[in-house]
Amino acid sequence: MRYGTTITYGELAAQLGIPPDRVVALGAAVGANPLLIVRPCHRVVGADGTMRGYAGGVERKQWLLGHEGVLLAEFA
């Protein structure tokens, strides 16, 4: 995922060829990411654009996305 972009868990699953019934497992794997900035899991959001869990805390996820210029409902 490029700087300043987001992707939903469902879109990420589709890109990776993961079946829709395994999206929750994908979310768990993303949430277990130990390299938060290097592997930009903060750019993965819910299908409705809402923030989902983030190992660094949702507030940090919102800050990172705001810093990257991503405009989501939380920033309006």
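The values are calculated or read from the model by the stated rules, or taken from the named source; none is laboratory data. These numbers come from a predicted model, not from an experiment. Reconstructed Cβ throughout: ideal geometry from the backbone, glycine too, with neighbour counts over all protein chains shown. Accessible surface is based on the protein model in full, side chains and every heavy atom, while ligands, DNA and RNA are left aside. Shrake-Rupley method; radii C 1.70, N 1.55, O 1.52, S 1.80 Å.
The set of residues from the stretch 22-76 being open to solvent by 30 Å² or more (accessible area, probe 1.4 Å), modelled with pLDDT of 85 or more and within 16 Å of residue 4 (Cβ to Cβ) comprises 62, 63, 66, 67, 69. Output yes when any residue across the stretch 10-17 is surrounded by 11 or more Cβ atoms within 10 Å (Cβ to Cβ), under 20 Å from residue 55 (Cβ atoms) and touching a residue at least 40 places away in the same chain (Cβ under 8 Å), and no when none is. No, every residue in the stretch 10-17 fails to be surrounded by 11 or more Cβ atoms within 10 Å (Cβ to Cβ), under 20 Å from residue 55 (Cβ atoms) and touching a residue at least 40 places away in the same chain (Cβ under 8 Å).
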